[in-house]
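A.B. asks: Pasting a structure here, questions to come.
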Amino acid sequence: MKKLLIGLLILLLALSMAGCGAKEKAAEKTAEKILQGAGVDADIDGDKVVIKGEDGQELTIGAGEWPSSDLAKSVPEFKGGKIASVMEANDSLFIMIEEISEEDFMAYLDEIKGSFAEGTYEMNTGTGMMYMAANSEGLSVTLTYEKDAGFSIAVAQAEPEED
């Protein structure tokens, strides 16, 4: 885990120093080599980074568009705001959205409540809100909204119960 965090920091540093065009590609290749030297198998393509774990799992980090994985299809696409970042693995998904209105969040929350209604937890702080629930297919969702800060959607596959 420590190697992964160090690798991600190096990656972010390399990408932040990159310009555009050829410089960006060179920075991507350099960052990939540094990550590989740290024992992290990563593929960098523009604003999308795929990190491959020893167990075959992949973590995809990117920005700008709604993901297309099966897990992302399990929740309605949020049409408002600006997608700031996406982190996606085989069993989990995290989407950070900026520049949204409270009305858009509340409409999306109502839509989510139609599909995720088991074991619900809801908290309203006055400046924000959190909603957690599961569905009958073993997926859980957490929506977190903070006025003037943004909105996040986290979706996870439930851990299989051990006997």
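The values are calculated or read from the model by the stated rules, or taken from the named source; none is laboratory data. Predicted model only: the values in this text are computed from it and were never measured. We place every Cβ from the backbone using ideal geometry, glycine too, and count neighbours over all the protein chains shown. The protein model used for the area step is the full one, side chains on, heavy atoms only, and it has no ligands, DNA or RNA in it. Shrake-Rupley method; radii C 1.70, N 1.55, O 1.52, S 1.80 Å.
A.B. asks: So what are the three principal axis dimensions of the range 107-156 from its Cα atoms, in whole Å, longest to shortest?
C.D. replies: Here the spans come out as 33, 17, 15 Å, largest first.
A.B. asks: Oh, and also: Excluding ligands, DNA and RNA, what is the solvent-accessible area per residue of the range 64-115 at a probe of 1.4 Å, expressed in Å²?
C.D. replies: Per residue, the range 64-115 has 55 Å² of solvent-accessible surface.
A.B. asks: Run the quick spin-label model on Asn90 and Ser115: label points 7 Å from Cα toward the beta carbon, then report their separation in nm to one decimal.
C.D. replies: 2.3
A.B. asks: By average Cβ neighbour count within 10 Å, what is the ranking of 106-114, 137-145 from highest down?
C.D. replies: 137-145, 106-114
A.B. asks: A follow-up question, please. Could you tell me what percent of the accessible area of the range 103-158 is made up of carbon and sulfur, with a 1.4 Å probe and every protein chain present?
C.D. replies: Taking all protein chains in place, the range 103-158 shows 50 percent carbon and sulfur surface.
A.B. asks: Just to verify a number: FRET efficiency for Lys82 and Met123, C-beta to C-beta distance, R0 = 22 Å, to 0.05?
C.D. replies: 0.30
A.B. asks: May I pose another question? Distance in nm between label sites at Ala149 and Lys73, each 7 Å beyond Cα in the beta-carbon direction?
C.D. replies: So the two model labels end up 3.4 nm from each other.
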